Amino acid sequence: MSSGYESQRLLDQYLLFHYGIPAQILEGASVFHGEEEVEGLHFPEATVWSTLMLDRYEEKDQDELRALDVGCAVGRSSFELSRLCAEVLAIDYSQAFIDAARLLQTDREVSVRRYDEGQLETEIRITCPEAVNPERVNFELGDAMNLSSTLGQFDIVHAANLLCRLPEPRRFLYRLPELVKAGGQLILATPCSWSEEFTPKENQPEGSTLEFVHASLDETFELKREIELPFLIRDHARKFQLSTSQTTVWLRK
């Protein structure tokens with residue numbers, strides 16, 4: 001996987017993406033005329049709360065729910081899952097991302113450099129959201145294609161914008177039936193941005209990404225929801241990346 005995920009600039013970018021409030025993300029961007037009109041500002045939260053079938057947990061003791069967040073990046077979705085689940089295991093391949101998530105877990109806020117133009121930057125403070133339960137989350141360094149055989153099973157498995165960054169995505173997909181409990185939910189979100197920088201061409205889908213996922217999961221999962229979730233990432237005041245992530249929710253048979 002790319003060593004670029006250890007760079008300070010990318011770390012700052014992801015921390016702003018996950019935790020920045022709209023005013024912090026959009027400041028200086030004249031292309032936007034009002035925060036309420038801008039899509040994609042709350043993607044890490046949306047992959048949890050816009051997807052989960054929450055009615056399945058009305059009669060279940062939340063003190064027993066376990067969640068796994070694979071490719072957790074700097075941890076916002078992991079913290080959101082801690083609102084619902086008693087235990088959240090959050091795994092990422094980047095040591096820098098894991099270290100930042102752990103720092104937010106203990107200090108609740110960190111400084112981030114927001115890039116404005118050229119060498120101009122602004123130091124801002126971002127905070128861990130209120131009403132989460134940081135003590136329920138365990139951040140670990142790990143590889144989505146080589147997850148430990150001792151993880152056990154989970155009520156919820158969440159993997160956002162991970163699949164098309166894996167050298168061998170089928171290895172991750174084939175492992176999922178062992179990780180999700182019967183009746184449990186799997187959330188897969190991907191912008192389908194396949195690139196040989198991350199995934200050799202022979203390991204990429206020949207058709208659509210959804211067909212590729214169906215071929216791996218249909219025997220053990222049932223597709224329950226498919227939605228498109230936008231996400232907006234700031235490069236600098238005049239450059240933003242607006243994408244959508246094909247987000248599917250699967251129920252373990």
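Every number here is computed from the coordinates shown, using simple stated rules; none is lab data. Since the model is a prediction, treat every value here as computed from it, not as a measurement. Reconstructed Cβ throughout: ideal geometry from the backbone, glycine too, with neighbour counts over all protein chains shown.
With K and R counted +1 and D and E -1, the other residues having a Cβ less than 12 Å from that of residue 77 yield a net charge of -2.
Counting every other Cβ atom within 10 Å of each residue's Cβ, 145, 53 order from fewest to most as 53, 145.
Evaluated at q = 0.07, 0.14, 0.18 Å⁻¹, the base-10 log of the normalised Debye intensity for the chain, with identical point scatterers placed on the Cα atoms, takes the values -0.23, -0.95, -1.55. Over the chain, what is the percentage of antiparallel beta bridges among all DSSP beta bridges, to the nearest 5? Percent antiparallel among DSSP bridges in the chain is about 60.
Note on the stretch 44-89 and the stretch 183-253: Cα centroid distance 18 Å, given to the nearest whole angstrom. Global dimensions of the stretch 147-190 from alpha-carbon coordinates: Rg and Dmax equal 10.5, 29 Å.
Once you place label points 7 Å from the Cα toward the Cβ at residue 106 and residue 37, how far apart are they in nm? Inter-label distance under the simple model: 4.4 nm. The distance between label points at residue 203 and residue 54 comes to 3.7 nm (points 7 Å beyond Cα on the Cα→Cβ vector).
Report relative contact order for the stretch 150-227 in percent, whole number only (criteria: Cα-Cα under 8 Å, sequence separation at least 6).
The value is 37 percent.
Quick one: grab the alpha carbon gyration tensor of the stretch 119-253, order the square roots of its eigenvalues as a ≥ b ≥ c, and give me rounded if a/c is under 1.5, else prolate or oblate depending on whether a/b is larger than b/c. Taking the square roots of the gyration eigenvalues as a ≥ b ≥ c, the stretch 119-253 is oblate. Of 227, 124, how do they rank once you tally other Cβ atoms within 10 Å and put the fewest first? Final ranking by Cβ density, sparse to dense: 227, 124.
Summing Cβ point charges (Lys, Arg +1; Asp, Glu -1) relative to the Cα centre of the stretch 3-252 gives a dipole of roughly 260 debye. With a cut-off of 17 Å, note down the residues of the stretch 159-180 whose backbone N falls inside the zone around a label point 7 Å from the Cα of residue 196 toward its beta carbon. Inside the label zone: 165-168. Near residue 106, once Lys and Arg are set to +1 and Asp and Glu to -1 for all other residues with Cβ below 15 Å from its Cβ, the sum equals -1. Seen from residue 247, the other residues with C-beta closer than 13 Å to its C-beta sum to a net charge of -1, counting Lys and Arg as +1 and Asp and Glu as -1.
Modelled spin-label separation between residue 210 and residue 148, with each label point placed 7 Å from Cα along the Cα-to-Cβ direction: 3.7 nm.
Exposed loop sites are taken as chymotrypsin sites (Phe, Trp or Tyr not before Pro) in a DSSP loop (any state but H, G, I, E or B) with at most 16 other beta carbon atoms within 10 Å; the longest stretch of the chain without one runs 33-197. For a distance above 12 Å, tell me the whole-number percent of Cα pairs in the stretch 13-56 that qualify. I get 66 percent for the Cα pairs in the stretch 13-56 exceeding 12 Å. For the chain: lysine pairs with Cα atoms under 24 Å, gap of 8 or more or different chains, count? The number of close lysine pairs in the chain is 6. Look at the alpha carbon pairs under 8 Å that are at least 6 residues apart: their mean separation over the length of the chain gives a relative contact order of 22 percent.
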